[in-house]
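Taking it in order: structure first as structure tokens, then the write-up.
The values are calculated or read from the model by the stated rules, or taken from the named source; none is laboratory data. No experiment lies behind these values; they were computed from the predicted model shown. Note that we place each Cβ from the backbone using ideal geometry, even for glycine, and neighbour counts take in every protein chain shown. Note: accessible area is taken over every heavy atom of the protein model, side chains too, but ligands, DNA and RNA are not part of it. Shrake-Rupley method; radii C 1.70, N 1.55, O 1.52, S 1.80 Å.
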Amino acid sequence: MKDYFPNVEKIGFEGPDSDNPLAFRYYNPEELIGGKKAGEQLRFAVAYWHTFCGEGRDMFGEPFFERSWNRYADPYDRSIAKADAAFEFMSKLGVSYFCAHDRDLAPELDTLRQTNALMDRVIPHIQALMKETGIKLLWGTANLFSSPKYLHGAATSPDAKVFAYAAGQVKKALEVTLALGGEGYVFWGGREGYETLLNTDMKRELDHLAAFYRIILDYAREIRFEGQFLIEPKPKEPTKHQYDFDAAHSLAFLQRYGLEPYFKFNIEANHATLAGHTFQHELRYSRMVGKLGSVDANMGDLLLGWDTDHFPTNMYDTMLAMYEILLNGGLAPGGLNFDAHVRRGSYEKKDLFLSHIAAMDAFAIGLKAAKMMIEHPFLERGIQERYVSFDSGLGAEIEKGPVDIHSLESAIIDTPIPLPASGRQEWLENYLNRLLLSVVR
Ligand code: XLS
Ligand code: CA
Ligand code: CA
């Protein structure tokens, strides 16, 4: 392996008092939290695209990051160098998983046949690196949005040839995911949506999307791919309106087309906030309907309002996210994928480590705080208490049903209704602050 990060040793846990920037202060993969190792509960994954492909390009600025592995002219040499850099980085960071699009591993050539042939040459090298390092593929996916052919969508393109190409591309991506032992496969419909209804047959596009999923599910059965399929909701960007808007929309789509049993959701924090929800809302909704499968752990900038994919360092968010994840019984076979890139100003190679360390420490704190929230079920008890009127009498009858409108009316018609109890939100927030401080103290 070439040494792309010569000045970095394996990142170790040094505890909260360490001043070493290249060390974990809170994340100790071996630490038992609630009887289970932190590393096994958090299941961190590195996103191949942001960390190894990204070079600092944004809407207004050119790429300029020093990523020497991407400098090779030959696509095969470039893919191999990138894989070497990736596995050196991930080993030094100490993560067990990565996630990748097909095109992150090897670029697209003129025809799908040529692209697939290049992929076939690259895969054995990646398999060897996986074997050598023990790092596994959390989930694979296909990039159905970068190539200009997908400008009007992939499965929802008005052009049948584009639909067919997308299916062919996913066929190969699924084979690659299987060959790499991937535990899941993600569909993110970046351009599956529309810009204007003036030129769009929404009904037909949704029918096509469902047909596409069915075709892929059939092929998965054919090749015995048994990983978890995941849909990653996002309301917009790059498309103005995306069909998998949020978890509730995605569930309705799956139910409408009889696809519900075959998918779970991969919830991304930044997509939740783009949809006008909190991260916790999307996690809760998915968990509540038995669909929380995996998480893209990042955070957005609420003042910018687009998908900035920053590293998640807000402990309040990681605490509430881990609370939902623990109540979900964990995420396995999913995990916490850092779908995040360093800010353009954090351009040194060292920043790749510093950003991941910050996020891993923030999630370790979140895990510890969430564990405390569950062990001292202050919130849960409060919530139970808040709904106590539904535990007996009229409330219990309403929940049990059926109840007719006349009996409801007669229960209240002659009685002034007292105010419901205070929600005490500030008190609860104060409690969470105390809990968080007791973890980091
Ligand atoms: C983009 C998405 C994408 C998916 C994988 O906004 O987050 O990166 O996670 O295609
Ligand atoms: Ca994502
Ligand atoms: Ca994103």
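Annotations for the structure displayed:
- Residue in region 293-306 that is at pLDDT below 95, within 13 Å of ligand 1 (Cβ to nearest atom) and either closer than 23 Å to Ser146 by Cα or part of a loop (DSSP other than H, G, I, E, B) (or both) present: yes
- Residue within region 238-258 that is within 15 Å of ligand 3 (Cβ to nearest atom) and touching a residue at least 60 places away in the same chain (Cβ under 8 Å) present: yes
- Residue tally, condition open to solvent by 30 Å² or more (accessible area, probe 1.4 Å) and either closer than 28 Å to Glu375 by Cβ or within 13 Å of ligand 2 (Cβ to nearest atom) (or both), over region 297-312: 1
- All helices (runs of 4 or more DSSP H) inside region 1-106 with 1 or more residues being within 17 Å of Leu354 (Cα to Cα) and out of contact with any Ser or Thr (no Cβ under 7 Å at 6 or more places or on another chain): 75-93
- Residues that are of a type in the set (Lys, Arg) and open to solvent by 50 Å² or more (accessible area, probe 1.4 Å), drawn from region 145-202: Lys149, Lys161, Lys171, Arg191
- Meets criteria (on the phi < 0 side of the Ramachandran plot, open to solvent by 50 Å² or more (accessible area, probe 1.4 Å) and assigned to a helix (DSSP H, G or I)) for Leu206: no
- Residues (within 15 Å of Asn337 (Cα to Cα), among the aliphatic types (A, V, I, L, M) and touching a residue at least 60 places away in the same chain (Cβ under 8 Å)) located in region 296-321: Ala297
- Of all residues in region 384-412, none satisfies the criterion of being of a type in the set (A, V, I, L, M), part of a loop (DSSP other than H, G, I, E, B) and open to solvent by 100 Å² or more (accessible area, probe 1.4 Å).
- For region 313-354, the set of residues classified as under 19 Å from Asp246 (Cβ atoms) and either within 16 Å of ligand 3 (Cβ to nearest atom) or open to solvent by 50 Å² or more (accessible area, probe 1.4 Å) (or both) consists of Asp317, Ala321, Asn337, Asp339, listed by residue number.
- Condition check for Pro75: open to solvent by 40 Å² or more (accessible area, probe 1.4 Å), more than 19 Å from Phe225 (Cβ to Cβ) and more than 23 Å from the chain's Cα centre (by Cα): no
- Among residues of region 119-138, those that are in contact with a helix residue (DSSP H, G or I) (Cβ under 9 Å, 6 or more places away or on another chain) and open to solvent by less than 10 Å² (accessible area, probe 1.4 Å), counted: 6
- Test: residue in region 52-70 that is within 16 Å of ligand 3 (Cβ to nearest atom) and touching a His at 6+ places or on another chain (Cβ under 7 Å): yes
- Tallying residues that are within 16 Å of Tyr316 (Cβ to Cβ) and within 14 Å of ligand 2 (Cβ to nearest atom) within region 271-281 yields 3.
- In region 220-250, residue farthest from Leu336 (Cα to Cα) [restricted to those that are surrounded by fewer than 21 Cβ atoms within 10 Å (Cβ to Cβ), out of contact with any Gly (no Cβ under 9 Å at 6 or more places or on another chain) and not charged (D, E, K, R)]: Ile223
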